[in-house]
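The values are calculated or read from the model by the stated rules, or taken from the named source; none is laboratory data. Just so we're clear, the structure is a prediction, and the values are computed from it rather than from any experiment. Cβ sites come from the backbone with ideal geometry, for glycine too, and all protein chains shown count toward neighbours. Protein only, heavy atoms only, side chains kept; ligands, DNA and RNA dropped before computing areas. Shrake-Rupley method; radii C 1.70, N 1.55, O 1.52, S 1.80 Å.
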There are 2 protein chains.
Amino acid sequence: MGVYIQVLEDLQSQQQQVIPSEKLAEKCEVNSSQIRKDLAYFGEFGVRGVGYYVTDLLQAIKHFLGIDRNWNCILVGVGNLGRALLRHRQLPQKGFQIRMAFDCDPFKIGEHVAGHEVVCTRRLKEKAQLMQIDIGLITTPPERAQRAANHMMQAGIKGIINFAPTRIHVSSDVTVDYVDFSNHLISMAFRLSHP
Amino acid sequence: MGVYIQVLEDLQSQQQQVIPSEKLAEKCEVNSSQIRKDLAYFGEFGVRGVGYYVTDLLQAIKHFLGIDRNWNCILVGVGNLGRALLRHRQLPQKGFQIRMAFDCDPFKIGEHVAGHEVVCTRRLKEKAQLMQIDIGLITTPPERAQRAANHMMQAGIKGIINFAPTRIHVSSDVTVDYVDFSNHLISMAFRLSHP
DNA sequence: TCTTTCTTGTGAAATTTTTCTCAAGTTCAT
DNA sequence: ATGAACTTGAGAAAAATTTCACAAGAAAGA
């Protein structure tokens with residue numbers, strides 16, 4: 001689904017107004033029926049004999065996905081990955097604002113990264129409750145991930161993205177998503193060794 | 001599949017010798033039949049009435065996935081994400097060694113990041129061919145991703161992982177994998193807005 | 001040895017996802 | 001107008017994935 005946005009924004013910046021599912025499929029490297037099914041899922045946006053109006057479609061997809069608004073995020077764990085995310089320009093561009101950064105290392109507390117002061121993780125609840133935070137990003141080492149998740153839950157955060165390579169346990173009203181690049185390398189290793 | 005490794009390594013470090021699919025399923029948050037199907041796919045590793053021997057299983061999985069060896073990688077694009085990957089300790093630990101780092105920015109060339117000298121991207125072919133490089137990581141801005149891919153193909157690299165948010169075109173003997181965190185944030189936004 | 005309790009591996013069933021196909025709507029040249 | 005060329009939306013078919021259900025093997029106590 002994210003691919004559609006990527007490709008459509010590209011088309012938009014190239015001033016292309018309309019695109020048929022066949023061409024869009026080519027660019028996204030998927031089957032065109034797939035695209036038509038997906039797009040038909042949230043309304044009739046195509047025009048028969050013509051195709052899809054890029055701008056309208058993009059807006060509709062974004063609305064459907066819930067990214068036609070801003071989302072407040074916080075990050076726990078200011079290591080290499082944490083810093084990369086804090087500095088990543090693409091996230092705010094897509095409506096995901098990292099509002100605060102936390103770490104429990106006294107050497108990091110007080111430091112500034114990409115305009116964010118690093119705050120002690122213990123103060124997460126106190127700080128995060130002042131603002132309505134939607135999403136928490138965990139970029140700690142694996143042994144600290146669960147504690148970070150606990151702090152987030154105490155602050156009422158309902159969506160957690162865990163970049164640490166470990167499972168975490170959360171109450172049933174919290175959604176967790178796991179991200180681990182090593183998986184991509186592993187999958188590549190597998191594909192290269194089974195030609 | 002990567003989850004299995006994560007959980008099994010955890011069990012191994014806890015000295016647990018045997019685990020039944022039911023318990024493993026719990027920890028991986030998947031169905032136990034699923035696990036048994038997956039594990040049976042590359043041989044009969046379980047023992048009926050007992051379960052799976054953690055160490056043997058782990059070794060078998062790693063062999064099957066092709067990660068019981070080292071893989072030589074290079075990276076193009078020494079930005080925030082590139083630096084995070086270069087410094088990431090987990091990758092070499094799992095057998096993925098980033099051997100060289102390239103960038104086309106004259107200010108970055110010559111700089112050292114986590115023990116890697118940053119080299120001009122134009123010298124990629126010349127440099128990479130000295131060593132047998134298996135996997136190329138693209139962490140450039142999107143507009144430079146295709147060029148990076150071209151350099152990699154010229155150096156005979158058959159596996160590319162593209163972290164840049166754009167599609168790239170490669171010859172049919174090259175495998176590409178796309179990685180984009182914004183997708184995880186988008187998917188989270190979707191789940192939070194459809195409770 | 002026999003019985004009870006576990007737990008795997010796997011065929012069958014159920015479910016989900018992907019692809020095929022085509023009627024119906026749109027555009028454009030004539 | 002009319003016909004030819006396109007393209008969507010959606011039902012049907014096909015393929016892939018996930019789950020169920022249970023025979024058969026293993027362990028342990030009586």
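For region B:42-72, residues that are closer than 30 Å to B:Ile133 by Cβ and near DNA strand C (Cβ under 8 Å from one of its atoms) total 0. Scanning region A:62-79 for residues that are under 16 Å from the mean Cα position of the chain (by Cα) and either facing chain B (nearest Cβ under 10 Å) or surrounded by fewer than 19 Cβ atoms within 10 Å (Cβ to Cβ) (or both) gives A:Lys62, A:His63, A:Phe64, A:Leu65, A:Gly66, A:Ile67, A:Asp68, A:Arg69, A:Asn70, A:Trp71, A:Asn72, A:Cys73. Hey, among A:Arg144, A:Arg123, which residue is over 24 Å from B:Ile5 (Cβ atoms) and either more than 18 Å from the chain's Cα centre (by Cα) or part of a helix (DSSP H, G or I) (or both)? None of the other options fit; the residue is A:Arg123.
Contact map, region B:22-36: residues that are farther than 10 Å from B:Tyr4 by Cβ paired with residues that are open to solvent by 100 Å² or more (accessible area, probe 1.4 Å), Cβ distance under 8 Å, separation 6+ or inter-chain. Pairs shown: B:Ser32/B:Glu22. Looking at A:Gly95, A:Gly82, just one residue is in contact (Cβ under 8 Å) with a residue 24 or more places away in the chain, open to solvent by less than 70 Å² (accessible area, probe 1.4 Å) and in contact with a Ser or Thr (Cβ under 6 Å, 6 or more places away or on another chain), and that residue is A:Gly82. Among the residues making up region A:13-61, those that are within 14 Å of chain B (Cβ to nearest Cβ) and either exposed (fewer than 13 other Cβ atoms within 10 Å of the Cβ) or not aliphatic (A, V, I, L, M) (or both) are A:Ser13, A:Gln14, A:Lys23, A:Glu26, A:Lys27, A:Cys28, A:Glu29, A:Asp38, A:Tyr41, A:Phe42. Looking at (1) at the interface with chain A (Cβ under 7 Å from one of its Cβ atoms); (2) modelled with pLDDT of 95 or more; (3) surrounded by 19 or more Cβ atoms within 10 Å (Cβ to Cβ), which one does B:Phe181 not meet, given that it meets all the others? Going through (1) at the interface with chain A (Cβ under 7 Å from one of its Cβ atoms); (2) modelled with pLDDT of 95 or more; (3) surrounded by 19 or more Cβ atoms within 10 Å (Cβ to Cβ) one by one, B:Phe181 breaks only (2).
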